[in-house]
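Each remark here refers to the structure printed beneath this line.
No lab work stands behind these numbers, since they all come straight from the coordinates. All of these numbers come straight from a predicted model, not from anything done at the bench. Positions of Cβ are generated from backbone atoms using ideal geometry, with glycine treated the same way; all protein chains shown enter the neighbour counts.
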Amino acid sequence: MTIREILNEATHSFEAVGIPSARLDAEVLLAFCLKLDRLEFLKNPETKISKTQLADFKKIVARRLKWEPVAYITGRKEFWSFTLEVNQGVLIPRPDTEVIVEEALNICRTQNLSKPRILDIGTGSGAIALALARELPDAKVVATDISPAALIVSQKNALNLGLAKQVEFIQGDLFEPVNGIFDIIVSNPPYIADREYQELPPGVKDYEPKEALWAGQTGVEFYEKLIYQSKNHLNENGWLLLEIGARQEENVRKIMEDCGNYNSIDVRNDYAGLPRVIKGRKKVSG
Ligand code: SAM
Ligand code: GLN
């Protein structure tokens, strides 16, 4: 079979089960299977592939047909300006999460923080912590996760990106393993409520770690803890930035306001126009 034929066949089978990005998935997975650059092989669609290659590709297609995410099959995902290794121990970083990176960089620029100390709670693949470390070479970043499996992945990513000296990884529950005071605390915590969890698409619910997604009955459980506990780990005028779900703006803003220790509370939308990041600045005491 030629590359053109095999791509068409895989695309149709993905479409038949309702996979939204069928053509792109077929291309990315075939490139991964053939260990070729996607744009290169697309230039030569009449190239024939061997029987062994075809058999390998069919196994990959079968995995995707069961909704396994492309990133878990290829073991990689683009985030910010780099590629991260991922496996089923970590959430696949979402493009929306780049908004929290942008906001943290804005704060460093506008507040003239030249050597910020930054804490990332629940780092997963390391996405946010590593993007900030890469953009801010003088920053010192601490990244935590409760999941030892996630820390293996994030530390590997730090090594791959040459950032291992700049980012310290520690395992534990929220602030329990954290020492010191920070200029910026960022987190994309689990924020899916019980009822929403049941309705997640199969590619998310059946493959991504539940402890990365599910927060509890209401979905705001982590915000309460992060907002109340962050104030003990922030410099005066230090910033807390949290990713939020599209329908959580009002609830999380109220938690931050009620806490009483933050001012300049504001919400930033993502590129789909949905509320995505809430930020607040720790009040100066006295
Ligand atoms: N920061 C990554 C990103 O944006 O792609 C991962 C975010 S994922 C939504 C939430 C992460 O928080 C997971 O890696 C999960 O293991 C971690 N986590 C869950 N409960 C935690 C806790 N109590 N303390 C620290 N990390 C926790
Ligand atoms: N954006 C993710 C999803 O909808 C959820 C991430 C999170 O819980 N922090 O799958």
Fill in the blank from the handout: Any residue on another chain or 5+ positions along whose placed amide H is under 5 Å from the amide H of Asn269 is listed here as Arg276
Practice task
May I ask you to evaluate 6.51 cos²θ - 1.76 cosθ + 1.60, the Karplus curve with θ = phi - 60°, for each residue of segment 162-178 and list the ³J(HN,Hα) values in order in whole Hz, giving x for glycine and proline?
Solution key: x, 10, 4, 6, 8, 10, 9, 10, 9, 9, x, 7, 6, 8, 3, x, 8
Fill in the blank from the handout: Out of Gln166, Tyr223, Ile278 - ranked by how far each Cα lies towards the positive end of the dipole of segment 140-286, with unit charges on the beta-carbon of charged residues - the top one is Gln166
Fill in the blank from the handout: Given unit charges at Cβ for Lys, Arg (+) and Asp, Glu (-), the dipole magnitude of segment 1-53 about its Cα centre in debye, nearest 20, is 160 debye
Handout entry: Computed [θ] at 222 nm, helices only, for the chain once each DSSP H run of length n ≥ 4 contributes -39500 (n - 2.57)
Key = -12000 deg cm²/dmol
Exercise for the section: Whole number please: convex hull volume per residue, Cα atoms of segment 18-58, in Å³. Expected result: 74 Å³
Fill in the blank from the handout: With Rh as the Kirkwood radius over Cα pairs, the chain has Rg/Rh of 1.03
Problem - Projected-area mean, segment 1-96, by convex hull of Cα positions, square nanometres - result: 6.5 nm²
Practice task
Report, to the nearest 10°, how far helix 98-110 tilts away from the longest principal axis of the Cα atoms in the chain, using its own Cα long axis and a range of 0 to 90°.
Solution key: 40 degrees
Completion exercise
Of all GluC sites (Glu not before Pro) in segment 40-106, the ones in DSSP coil with at most 11 other Cβ atoms within 10 Å are Glu46
Exercise for the section: Please work out the Cα center distance from segment 207-233 to segment 23-51, rounded to the nearest Å. Expected result: 41 Å
Exercise for the section: Can you tell me the 0 to 90 degree angle between the C-alpha axis of helix 3-17 and the longest principal axis of the chain, rounded to 10? Expected result: 60 degrees
Practice task
Could you give the spread of the C-alpha atoms of segment 177-250 along their three principal axes, from largest to smallest, in whole angstroms?
Solution key: 43, 27, 16
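Would you mind giving the three semi-axes, in whole Å and largest first, of the ellipsoid equivalent to segment 89-238 according to its Cα gyration tensor? Walk me through the intermediate numbers first.
Numbers: eigenvalues 125, 63, 40 Å².
Equivalent ellipsoid of segment 89-238: 25, 18, 14 Å, largest first.
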Practice task
Take the chain, connect every pair of alpha-carbon atoms lying under 10 Å apart with a spring to form a Gaussian network, then pick out the residue of Asp206, Asp120, Asp56 with the largest mean-square fluctuation.
Solution key: Asp56
Completion exercise
Restricted to pairs 8 or more residues apart or on different chains, the lysines in segment 1-119 with C-alpha atoms under 25 Å apart form a number of pairs equal to 19
Completion exercise
Longest principal axis of the chain (C-alpha) makes with the long axis of helix 221-230 (C-alpha) an angle, in degrees to the nearest 10, of 50 degrees
Practice task
Can you find, among Ile6, Ala193, Ile19, the residue farthest towards the positive end of the dipole of the chain? Put +1 on the C-beta of Lys and Arg, -1 on that of Asp and Glu.
Solution key: Ile6
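Distance check, please: which entries in Lys254/Lys279; Lys210/Lys282; Lys156/Lys205; Lys231/Lys279; Lys140/Lys254 exceed 22 angstrom between their Cα atoms?
Details: Lys254/Lys279 12 Å; Lys210/Lys282 31 Å; Lys156/Lys205 25 Å; Lys231/Lys279 13 Å; Lys140/Lys254 31 Å.
Check vs 22 Å cut-off fails for Lys210/Lys282; Lys156/Lys205; Lys140/Lys254.
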Exercise for the section: Amide H neighbours of Thr218 under 5 Å, at least 5 residues apart or on other chains, H built in the peptide plane: list them. Expected result: Asp194
Handout entry: GNM result for the chain, Cα springs below 10 Å: residue of Ala62, Ala143, Ala131 fluctuating most strongly
Key = Ala62
Handout entry: In order through segment 252-257: 3J(HN,Hα) via Karplus (6.51 cos²θ - 1.76 cosθ + 1.60), integer Hz, x for Gly, Pro
Key = 6, 4, 5, 4, 5, 5
Practice task
Let me know the charge dipole size of the chain about its Cα centre in debye, to the nearest 20, where only the beta-carbon of Lys, Arg (+1) and Asp, Glu (-1) is charged.
Solution key: 560 debye
Fill in the blank from the handout: In terms of the charge dipole of segment 93-136, which places +1 on Lys and Arg and -1 on Asp and Glu at the beta carbon, the residue among Val99, Ala127, Ser114 farthest towards the positive end is Ser114
